[in-house]
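Just below is one structure, and these are the notes that go with it.
The values are calculated or read from the model by the stated rules, or taken from the named source; none is laboratory data. None of these values were measured; they are calculated from a predicted model. Please note: Cβ atoms are built from the backbone with ideal geometry, for glycine as well, and neighbour counts cover all protein chains shown. We work out accessible area using only protein heavy atoms, side chains counted, and drop any ligands, DNA or RNA first. Shrake-Rupley method; radii C 1.70, N 1.55, O 1.52, S 1.80 Å.
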Amino acid sequence: MPKTLLTLTLGLLLAGCGADPNHAWHLQQPSDKGTYQATLSCASAPIPGAFQECKLILQSSQAVPANLLVAVDGGMPAHGHGLPTAPQAIPTDTHGTYRIDGLKFSMPGEWVLGFLLDNGTQPEKVVFRFSL
Amino acid sequence: MKTGWLAAVMLASTLLAGWAWQTEKDSSTWNEQELAILQTLRLQNLPALQDASNAVQHHPAAADLGRQLFFDQRLSRNGKVACATCHQPDKAFSDGKTVAEALARGTRNTPALPGVAYNDWFFWDGRKDSLWSQALAPLENPAEHGLTRTRIIRLLLQDPHYRQQFTQLFATPTDSEWWQHLPEDASPNGTLTQLQAWKQMDSQQRQQVDRTFAHLGKAIAAYVSSLPPPANALDNLPQTALSPEAAAGARLFIGKAQCILCHSGPLLSNQTFQNIGTGSLGQDSGRAAVLDAILTDRFNCLGEYSDASADDCGELKFLSRSRHALAGAFKVPGLRNVAQTAPYFHDGRMATLEEVVDYYVEASRQTGQRRDNELPAIELDVTEKHQLLSFLRIL
């Protein structure tokens, strides 16, 4: 238990974000093949039990394809379960920015949130790991 | 769940992350972290009760009508079954039985009702997304009230007292006495004969029946929404002192036993579906078995009889549809009043809280191929089990 708690604490610190739910929160992560630099940005630090107001921002040295399909999935590896809802990434008017609708977390602990970025030829993944 | 206590949960989970567990301490006092976590469980953190799909949820006349319907045994095939047959007021609106027994023996334990209106999903498998929609299903269930949809509407509107209330509340048309022309027993959920009778009705007639049926559910939901969640000692912490044993149990609940991972918030439920190993392979897979039914339910949040806008239907719009992930998962029940609502689990298989705690400890030890649940490791000795039970009994 202490080890887990220590991990949780470190997770919060490494995320570079405070736990204050009134402040914006973000994480950055490159995609697995390195094409994209992805930012997961939320209006406030994610909390269990409520729909979250988050977006995915993709940046690339090449242009982000206009037809890029973005799928979302996630879960708690330590508990063996997924997200409580099925969120969707919706393109916004800002090129490369996707609104994440329907995102919820069910409990505190270590979560992963992954995105499949499919341009039709070479899918890439980006996975964020963080603690609530 | 409708949010409001969640910021407090966030604060508490953060505090939990930095919390060094203390096993030797005075049980009558809480440290700052413990108190912050326990206070996330207070009723004061509940948001305002609001089901956008039910426009009369807070209408006093609807609650009054719903109360009459809730206790009316005429709304059953044998004239002896009401909602209150299983949801008995003197038993926290439950029945104390393993599974519900009305016209026949059912398959699920009867849940208590006070505070249930705050839930996101209804029934143990969550196959209904509103309280009013839930209230409709037992009326047509052959093992419960055993009526057909048209018989229900005829029963209601032939009663001048009910007819007057429906007219005033919902502007139900009564001038043509349209209900008198309905088939006696027609239902989209009935026998083949009843289904054929339903199909032979014209679409306008079916729609009128469905609309009145939905109104009936909304009135019952208004009554059930008036049953507040029971208060407990947690609501007044730290002013209310727990016994040393219950206080030790509270520390286990929010710490070592990890109950709070799912039993969180003012209702002590995170409103999700979890596999604790109680599903029956091939017989009852819980949440996984009802996903299509939720989406096609004409009485769901997005249906034509809902009063909600699509924006109010987030739970339905973003429904998790993975049968594999949800196999064997059942709703996390709230724990307020839990000592008064035995037996436990979706099929009432556990007679006592002692059996429940023992089950969690044993099931969490499963490893490898035998593991059929998502429980974290829960290690409790005999003393700790007693402490946890003491806490559960004050909820």
> Along the charge dipole of chain B, Cβ charges K/R +1 and D/E -1, which of B:N119, B:F318, B:T150 sits furthest on the positive end?
Replying inline: B:T150
>> Would any residue of region B:321-353 have its amide N under 13 Å from a label point 7 Å out along Cα→Cβ of B:R105? List them or say none.
In response: B:348-349
>> Per residue, how large is the accessible surface of region A:22-131? Use a 1.4 angstrom probe and give square angstrom.
In response: 47 Å²
>> Can you compute the FRET efficiency between B:R77 and B:D159 using 1/(1 + (r/R0)^6), with r the Cβ-Cβ distance and R0 = 22 Å? Round to the nearest 0.05.
In response: 0.80
> Roughly what would the spin-label model give for B:A233 and B:Q180, points 7 Å off Cα along C-beta, in nm?
Replying inline: 6.2 nm
> Roughly how many debye, to the nearest 20, is the charge dipole of region B:233-309 about its Cα centre, given +1 on each Lys and Arg Cβ, -1 on each Asp and Glu Cβ, and no other charges?
Replying inline: 380 debye
> For the protein assembly as shown, what % of the accessible area comes from carbon and sulfur atoms, probe 1.4 Å?
Replying inline: 51 percent
>> What FRET efficiency comes out for B:S203 versus B:A61 if R0 is 30 angstrom and r is the Cβ-Cβ distance? Round to the nearest 0.05.
In response: 0.50
> If you count, for every residue in A:69-76, the Cβ atoms of partner chains within 10 Å of its Cβ, what is the mean?
Replying inline: 1
> Per residue in region B:309-329, which ones lose no less than 40 Å² of accessible surface when going from chain alone to all protein chains (1.4 Å probe)?
Replying inline: B:E315, B:F318, B:S320
> Do any of B:K331/B:K385; B:K128/B:K218; A:K104/B:K331; A:K104/B:K317; B:K80/B:K218; A:K55/A:K125 go past 19 Å between their Cα atoms, and which?
Replying inline: B:K331/B:K385; B:K80/B:K218
> Given +1 on the Cβ of Lys and Arg, -1 on the Cβ of Asp and Glu, and no further charges, what dipole in debye does region A:22-131 carry about its Cα centre, rounded to the nearest 20?
Replying inline: 100 debye
>> At a 10 angstrom cut-off on C-beta neighbours, averaged per residue, how do the peptides B:266-279, B:173-186 rank from highest to lowest?
In response: B:266-279, B:173-186
> Cα axis of helix B:160-170 to longest principal axis of chain B: angle in degrees, 0 to 90, nearest 10?
Replying inline: 70 degrees
> Sorted by mean Cβ packing within 10 Å, highest first, what order do the peptides B:145-156, B:284-295, B:347-358 take?
Replying inline: B:145-156, B:284-295, B:347-358
> In nm, to one decimal, how far is the B:T352 label point from the B:A310 one, both placed 7 Å along Cα→Cβ?
Replying inline: 5.4 nm
> Considering protein heavy atoms only and a 1.4 Å probe radius, which residues within region A:103-119 exhibit an accessible-area decrease of no less than 20 Å² in the full assembly relative to the chain by itself?
Replying inline: A:K104, A:S106, A:M107, A:P108
> Projected onto the charge dipole of the protein assembly as shown (+1 at Lys/Arg Cβ, -1 at Asp/Glu Cβ, origin at the Cα centre), which of B:T212, B:I378, B:N236 gives the Cα projection farthest towards the positive end?
Replying inline: B:T212
>> At 0.36 nm per residue, and after removing the present C-alpha to C-alpha distance, how many nm does the segment from B:A339 to B:R393 gain when stretched out fully?
In response: 18.9 nm
>> What's the total accessible area buried between chains B and A, using a 1.4 Å probe, rounded to the nearest 100 Å²?
In response: 2200 Å²
>> Give me the dipole magnitude in Debye, nearest 20, for the protein assembly as shown about the Cα centre, with unit charges on the beta carbon: positive for Lys and Arg, negative for Asp and Glu.
In response: 480 debye
>> Per-residue Cβ counts within 10 Å, from other chains only, averaged over B:265-272: what number is that?
In response: 3
